[in-house]
1. Considering only segment 78-94, I want to know if a residue exists there that is more than 16 Å from the ligand (Cβ to nearest atom), in a loop (DSSP other than H, G, I, E, B) and closer than 30 Å to residue 213 by Cα.
2. Looking at 207, 247, 276, can you tell me which residue is surrounded by 14 or more Cβ atoms within 10 Å (Cβ to Cβ) and over 23 Å from residue 126 (Cβ atoms)?
3. Sort out which residues of segment 215-244 are closer than 26 Å to residue 53 by Cα, within 10 Å of the ligand (Cβ to nearest atom) and crowded, with 19+ Cβ neighbours inside 10 Å, and write them in order of number.
4. So which residues in segment 257-266 are closer than 21 Å to residue 29 by Cβ and within 13 Å of the ligand (Cβ to nearest atom)?
5. Which condition number does residue 103 fail, the rest of (1) within 26 Å of residue 38 (Cα to Cα); (2) of a type outside the set (A, V, I, L, M, F, W, C); (3) more than 17 Å from the chain's Cα centre (by Cα) being met?
6. So, in segment 39-60, of the ones that are near the ligand (Cβ under 8 Å from one of its atoms) and in contact with a strand residue (DSSP E or B) (Cβ under 6 Å, 6 or more places away or on another chain), which residue ends up nearest to residue 99 (Cα to Cα)?
7. When you go through 269, 212, 254 one by one, which is the residue that is surrounded by fewer than 21 Cβ atoms within 10 Å (Cβ to Cβ) and either more than 15 Å from the chain's Cα centre (by Cα) or within 15 Å of the ligand (Cβ to nearest atom) (or both)?
8. Out of (1) farther than 26 Å from residue 133 by Cβ; (2) in contact (Cβ under 8 Å) with a residue 24 or more places away in the chain, what's the single condition that is false for residue 208?
Amino acid sequence: MSLSPSSRTPRCAKLSVTTLKKTRTKKRPIVLNKIYNENCLDTMNRMSDDIIDCTITSPPYDNMRKYDGNTFDDFDDISKELYRVTKIGGVLVWVVGDQCIRGNESGTSFRQALRFKDVGFNLFDTMIYAKPPRGAVGNNKTYWQSFEYMFVLCKGIPKTIHLIMDRENKDSRNGDNGTKRLHDGTLKKLKRGGYNSTGRRTNIWTYNIGRGHSATDDIAYKHPAIFPENLAQDHILSWSDAGDTIYDPFMGSGTVAKMCIKNNRKYVGSELSKEYYTISQSRIKSCQTHRCD
Ligand SMILES: C[S@@+](CC[C@H](N)C(=O)[O-])C[C@H]1O[C@@H](n2cnc3c(N)ncnc32)[C@H](O)[C@@H]1O
């Protein structure tokens with residue numbers, strides 16, 4: 001399958017993309033519906049410009065966990081590469097939190113969001129991923145750490161927006177026609193708009209986490225930091241169309257790939273760890289041979 005790169009550059013681009021092209025050496029072209037067991041910089045190195053419709057990912061942050069020995073300190077290069085490979089109007093969802101050391105939060109989340117703006121992305125929305133009932137212990141002297149940020153960034157203005165309409169309104173009403181008597185005694189015809197029983201969600205999304213909640217397949221929990229399948233799915237549905245290409249540069253256990261298969265999207269992924277890569281392959285296989293849920 002071939003993907004044709006676009007040559008247009010959005011008006012909001014602040015950092016010259018040409019500076020990034022220089023460092024790229026063309027290797028084999030990217031294959032769709034594949035996870036690469038390698039550094040995401042190597043995977044993006046295979047990609048031509050403007051080919052990804054949507055990236056949904058959660059990076060390792062503040063080296064809080066040793067993912068099979070992998071640390072993450074290439075943020076600057078990764079942010080530039082993500083901008084380069086994203087289509088005009090493509091969206092990047094960056095799910096991240098902060099470590100707190102001796103009463104001082106790292107601020108990594110904000111630094112990264114601002115850096116993404118520096119390389120050209122628009123910060124379209126700062127969303128919250130809430131994890132009831134309490135989330136992580138965090139610092140014993142603060143309130144429970146019960147959320148992460150979901151920065152929704154865009155190369156220009158999102159080309160695809162399908163807002164999920166599942167927030168319940170207090171009641172619903174059909175539109176109707178009425179009349180109002182004016183001072184001079186005449187009747188004025190009025191039209192009253194209606195509203196549905198559900199409306200668009202708020203930008204705080206809540207997911208129960210842990211075994212039995214985050215994923216439907218047990219093998220996923222062998223990875224120490226999966227995000228919920230429903231979180232991945234909700235972003236896929238919000239910012240892409242069927243047939244679009246979704247990238248996860250930190251694929252972990254393969255959650256994004258699994259949700260792409262379930263929702264008829266193409267996926268590309270990168271995962272450094274052989275162990276987690278193997279988990280992702282097993283999840284994909286069972287999703288393809290049985291059902292994804
Ligand atoms: C927070 S986890 C992602 C979990 C994933 N969202 C899931 O649901 O399974 C981050 C992953 O990034 C991987 N990783 C770290 N640095 C990487 C790099 N430079 N390129 C590719 N993968 C990397 C780690 O091994 C880890 O599995």
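What follows draws every value from the coordinates through simple rules; no lab data is involved. Because the structure is a prediction, the values reported are computed rather than measured. Glycine gets a Cβ as well: all are built from the backbone with ideal geometry, and neighbour counts include every protein chain shown.
1. No, there is no match, as no residue in segment 78-94 is more than 16 Å from the ligand (Cβ to nearest atom), in a loop (DSSP other than H, G, I, E, B) and closer than 30 Å to residue 213 by Cα.
2. 276
3. Matches in segment 215-244: 215, 220, 226, 227, 228, 229, 231, 232.
4. 257, 260
5. Condition not satisfied by residue 103: (1).
6. 60
7. 212
8. So residue 208 meets the others, but not (1).
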